[in-house]
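Report on one structure; see the data block that follows.
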Amino acid sequence: MKKYIEEIVRQAKVRARQESDAEPEPGLISPVQWPVNCDVKQGLEGAITGQTEIGYVNGPKGWLIYRGLDCFDLSEHSTFEETSYLLLFGKLPSKTEMDEFMAKLNSYRTLPDEALRLLDSLPVKSAHPMSTLRTIVSALGMMDPNSDVTTVKAETEVAIKLIAQIVTITGAIARIRKGEKPLAPDTSLSLAADLVRMMTGKMPNEEDARIMDICLILHADHGMNASTFSAMVVNSSLSDMYSSIVAGIASLKGPLHGGANEAVLADLEEIGSVDNVQAWYSLSKVGKRRVMGFGHRVYKAYDPRARILHPLAELLSRRDPNVRRLYDTAAELEKWVVGDLGKEKGIFPNVDFYSGIVYTAMGIEKAMFTPIFAVSRMSGWGARALEYLKNNRIFRPRAVYVGPLHVEYVPIEERS
Ligand SMILES: CC(C)(COP(=O)(O)OP(=O)(O)OC[C@H]1O[C@@H](n2cnc3c(N)ncnc32)[C@H](O)[C@@H]1OP(=O)(O)O)[C@@H](O)C(=O)NCCC(=O)NCCS
């Protein structure tokens, strides 16, 4: 059954390779010599924060690798758990290492009762699920007596614990939002399959479980993006891993970052059908409105993650006419946006454009899309924060002051 999904990934890789010979960028793959010379633009575009062995995004060519392995190959052959191990420990695990890692993840999957009670007391139905997720991860830090130990060993343990627990929290949030009781984790299932089960209340079929696994692999790490940088900045003060992950979740929530997947679906629903795409896009151009799910700070070519998610969304859309309408609308919108801005500005679909259609086909509500992104990115946040911690120096850039100097203090009663 999984074979045809693997074939879809293989075909996506072939298309990517036909359009790109994937040359690395010399300045971004050789050791950093401090002080580093780079052209920095607003939003720290082009700034080098340090060196890493975790992952590499080749923006001009549309190439994503984790620890040397291509995201297409990982999607075809690996699992989210194995990819998390790879990101955290720098190599694919042996059978024994994988068994031990799985046993550890499984031992952490159940949430403490205090966390479940806290969830019960929060306005989970009305708050954004990312706010709930951020709050519960923060609270888990308060419940862990070792949370303030900031050695690499202790923080590695917390990262593994959170990879497991964020799945359970996300499942619980989805259920509570629908007025249902959270489900306990089922350790006989993969994290991806159990995520779908705990969110929807239904045992996923093999197709959904495998596709969710691929989604988690594809979102696990992505260079020095805003949420990863946020997590690393917090960890660099020797705060603690929970606080760092809270910062990552907070940053990912925004619509210019992880929140775009939810915004994409809202746009597709607003457009309604293929027939309305041209008029909607023309209006968005007049209003200088950004089309959610398009464009990227690094990719100026087709995002390799979108290359895989696009045909997977098409596959899943065959099962439901409503999802098919969303997919057809998205595919038509892609033609218009890429036709207009692809060559000129390097604007192509990004990871968020098709992921929402995939999740909708699995019966997952829109507000839960960004938490699913967080479930996956937990591995990248953890790996990057730990790598930096091994050779830590607190992040402390400067800003240029352009306000007045030498202003005289005027007492309040003398101010106009
Ligand atoms: C991701 C994003 C924030 C990157 O922003 P950035 O690196 O600061 O890109 P810039 O703002 O410099 O954009 C470069 C040009 O492309 C245009 N552009 C970028 N994204 C666009 C989009 N989604 N729709 C239309 N035009 C877009 C900008 O208007 C700008 O045009 P200009 O040079 O004529 O002013 C941006 O592409 C965006 O807002 N995308 C939509 C949100 C999204 O999908 N986010 C998820 C990212 S994975």
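If I take R0 = 45 Å and measure r between the Cβ atoms of A154 and N37 in this structure, what FRET efficiency does the formula 1/(1 + (r/R0)^6) give, to the nearest 0.05?
It comes out at approximately 0.75.
Order these peptides, 250-260, 390-400, by their mean beta-carbon neighbour count within 10 angstrom, highest first. Intermediate values should be presented prior to the final figure.
On the way: 250-260: 20.2, 390-400: 8.5.
With the highest mean Cβ count within 10 Å placed first, the list reads 250-260, 390-400.
Ranking H296, H128, H406, H310 by Cβ neighbours within 10 Å, fewest first, what do you get? Don't skip to the end; give the middle numbers.
On the way: H296 21, H128 15, H406 4, H310 24.
Ascending Cβ contact count within 10 Å gives the list H406, H128, H296, H310.
Would you be so kind as to identify which of M203, G259, F89 lies farthest towards the positive end of the dipole of the chain, taking Lys and Arg as +1 and Asp and Glu as -1 on Cβ and the Cα centre as origin?
After comparing all options, I get G259.
Would you mind putting 182-192, 103-113, 280-290 in packing order, based on average other-beta-carbon counts within 10 Å, highest first? Walk me through the numbers before you get to the answer.
Numbers: 182-192: 18.5, 103-113: 15.6, 280-290: 13.0.
In decreasing order of mean packing, 182-192, 103-113, 280-290 become 182-192, 103-113, 280-290.
How long are the semi-axes of the ellipsoid equivalent to the stretch 95-163, from square roots of 5 times the Cα gyration tensor eigenvalues, in whole Å, largest first? Please report the intermediate quantities before stating the final value.
Values: eigenvalues 133, 44, 22 Å².
Here the semi-axes work out to 26, 15, 11 Å.
Over the Cα atoms of the stretch 27-185, what is the Rg over Rh ratio if Rh follows Kirkwood?
Working: Rg = 19.3 Å, Rh = 18.6 Å.
Rg/Rh for the stretch 27-185 comes to 1.04.
What percentage of all Cα-Cα pairs in the stretch 193-315 are separated by more than 23 Å?
49
Which residue fluctuates the most in the chain, going by a Gaussian network model with Cα springs under 10 Å, if the choices are P93, P304, P26?
P26
Would you kindly give the portion of the calculated P(r) for the stretch 261-361 that falls above 19 Å, as a percent of all Cα pairs?
Working: 1762 of 5050 pairs.
Within the stretch 261-361, distances greater than 19 Å cover 35 percent of Cα pairs.
For labels at V410 and D120 in the simple 7 Å Cα→Cβ model, what's the distance in nm?
In this crude spin-label approximation the distance works out to 5.8 nm.
Which aspartates and glutamates have a Cα lying under 12 Å from the Cα of K3, excluding residues fewer than 8 positions away in the same chain?
E76, E206, E207
To the nearest 20 debye, what is the magnitude of the charge dipole of the stretch 103-185 about its Cα centre, counting +1 on the Cβ of each Lys and Arg and -1 on the Cβ of each Asp and Glu?
Value, rounded to 20: 400 debye.
Quick one: the Cα spread of the stretch 291-416 along its three principal axes, in angstroms, biggest first?
71, 43, 34
Compute the orientation-averaged projected area for the chain from the convex hull of its Cα atoms and round it to one decimal in nm².
Working: hull surface 99.6 nm².
Projected area, direction-averaged: 24.9 nm².
How do the peptides 79-87, 52-60, 194-202 rank, highest first, by the average count of neighbouring beta carbon atoms within 10 Å per residue? Provide the component values of the computation, followed by the final result.
Values: 79-87: 23.9, 52-60: 18.2, 194-202: 22.3.
Those peptides, ordered most packed to least, come out 79-87, 194-202, 52-60.
Taking the Cα centre of the chain as the origin, how large is its charge dipole in debye, to the nearest 20, when only Lys and Arg (+1) and Asp and Glu (-1) carry charge on their Cβ atoms?
The dipole of the chain has a size of about 360 debye.
Local charge sum around I5 (other residues, Cβ-Cβ under 11 Å, Lys/Arg +1, Asp/Glu -1)? Provide the component values of the computation, followed by the final result.
On the way: positive: K2, K3, R10, R210; negative: E6, E7, E76, E206, E207, D208, D213.
Combined, the nearby Lys, Arg, Asp and Glu give -3.
I'd like to know which of I8, L333, I394 lies farthest towards the positive end of the charge dipole of the chain, counting +1 on Cβ of Lys and Arg and -1 on Cβ of Asp and Glu.
Result: L333.
Given R₀ = 56 Å, what would the calculated FRET efficiency be for V14 paired with K390, taking r from the Cβ atoms and rounding to 0.05? Numbers along the way, then the final one.
Working: r = 38 Å, r/R0 = 0.68.
My answer for the efficiency is 0.90.
Of K125/K253; K61/K335; K13/K285; K91/K202; K61/K390, which pairs sit farther than 25 Å apart, going by alpha carbon to alpha carbon?
Details: K125/K253 17 Å; K61/K335 20 Å; K13/K285 32 Å; K91/K202 34 Å; K61/K390 31 Å.
Table pairs above 25 Å Cα-Cα are K13/K285; K91/K202; K61/K390.
Pull out the extension gain between M98 and N322, defined as 0.36 nm times the separation in residues minus the alpha carbon to alpha carbon distance; nm, one decimal.
Working: separation 224, 0.36 × 224 = 80.64 nm, distance 3.99 nm.
Extra length available between M98 and N322 comes to 76.7 nm.
Could you size up the charge dipole of the stretch 261-361 around its Cα centre, putting +1 on the beta carbon of Lys and Arg and -1 on that of Asp and Glu, and report it in debye to the nearest 20?
On the way: 15 positive and 14 negative charges, 79 e Å.
Rounded to the nearest 20 debye, it is 380 debye.
Each reported figure results from applying straightforward, stated rules to the coordinates on display, with no laboratory input. The structure presented is a predicted model; accordingly, all values stated were derived computationally and were not measured. Here the Cβ is made from the backbone with ideal geometry for all residues, glycine too, and neighbour counts use every protein chain on show.
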